[in-house]
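The values are calculated or read from the model by the stated rules, or taken from the named source; none is laboratory data. Quantities reported herein were computed from a predicted structural model and do not represent experimental measurements. All Cβ positions, glycine included, derive from the backbone under ideal geometry; neighbour counts span all protein chains shown.
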Ligand code: BTN
């Protein structure tokens, strides 16, 4: 509870039994109670009745076997200056890196990022991340609500789709759900502070290592692969994913040589 929040540098952490969606709830709280829910406030729900995923899909998660966690952020640098909103596109990848680290530390699992921000183990999805903007209070820039749904200990028959897995299935043993949550939040808070200290610049050295852009690039298994991309309007591209641009958008070279930069969409990895 409060002890952990203070140690990890979170402004607040609340765990509730049931609500619609932790993302929706934090967007509302950011608007209605901006002073009580400051930067790095966390809301966790045991059960969501209206959890949602990317591209307006529902997100279902069995009670007790998964984590639904959202973090409210008001990104600003140590001098109190708000981060440029163009830098916000790096916040979901920051969360994906933190989750990857938590899975390695707590479960001993090696995972990777599938563009845009799924965390996968052996190609199967273990977590999805979804960020929303909340209108800023008193003319301030928008706040960010960063939600993660994590499949912790779903059994085979509880998986929503055949392309999903859970941490315990992948590891072949039980997983400490609270330990995983704590490790994720701690690692995320550390990375987020470094990101804010760098003014949201993804291309400068970061948290004592290489730039955020290159860390995300290295962790992303989509790069270098043949992909089929379904764009939000329904169009499809087939080609090779070659890299990420300075906002984290996916660069794709189509089979006919056409170049595209994809900001949002669904990616299927194809066989070489
Ligand atoms: C996806 O892969 O499509 C993203 C899934 C995000 C699910 C999480 S669960 C916590 C938070 N609350 C929501 O309603 N969605 C996110």
* Asked: Restricting attention to segment 5-28, and to residues there that are within 9 Å of the ligand (Cβ to nearest atom) and crowded, with 18+ Cβ neighbours inside 10 Å, which single residue is farthest from residue 140 (Cα to Cα)?
  -> 21
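Could you identify the single residue in 230, 158 that is within 16 Å of the ligand (Cβ to nearest atom) and outside the structural domain of residue 88 (by TED's automatic domain parsing)? Quick ask: steps written out before the conclusion?
On the way: 158 fails: outside the structural domain of residue 88 (by TED's automatic domain parsing).
Answer to the check: 230.
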* To do: Hey, can you tell me all the residues within segment 169-189 that are without any contact (Cβ under 8 Å) to a residue 60 or more places away in the chain and part of a helix (DSSP H, G or I)?
  => 169, 178
* Asked: With 117, 151 as the choices, which residue is within 16 Å of the ligand (Cβ to nearest atom), within 15 Å of the chain's Cα centre (by Cα) and at pLDDT below 95?
  -> 117
* Test residue 31 against the stated conditions and say whether it is assigned to a helix (DSSP H, G or I) and either in contact with a helix residue (DSSP H, G or I) (Cβ under 9 Å, 6 or more places away or on another chain) or farther than 17 Å from residue 136 by Cα (or both). => yes
* To do: For segment 84-93, indicate whether the set of residues that are within 24 Å of residue 9 (Cβ to Cβ) and in a strand (DSSP E or B) is non-empty.
  => no
* Taking segment 36-63, which residues are assigned to a loop (DSSP other than H, G, I, E, B), without any contact (Cβ under 8 Å) to a residue 40 or more places away in the chain and either buried (at least 22 other Cβ atoms within 10 Å of the Cβ) or away from the ligand (no atom under 12 Å from the Cβ) (or both)? -> 36, 37, 38, 39, 63
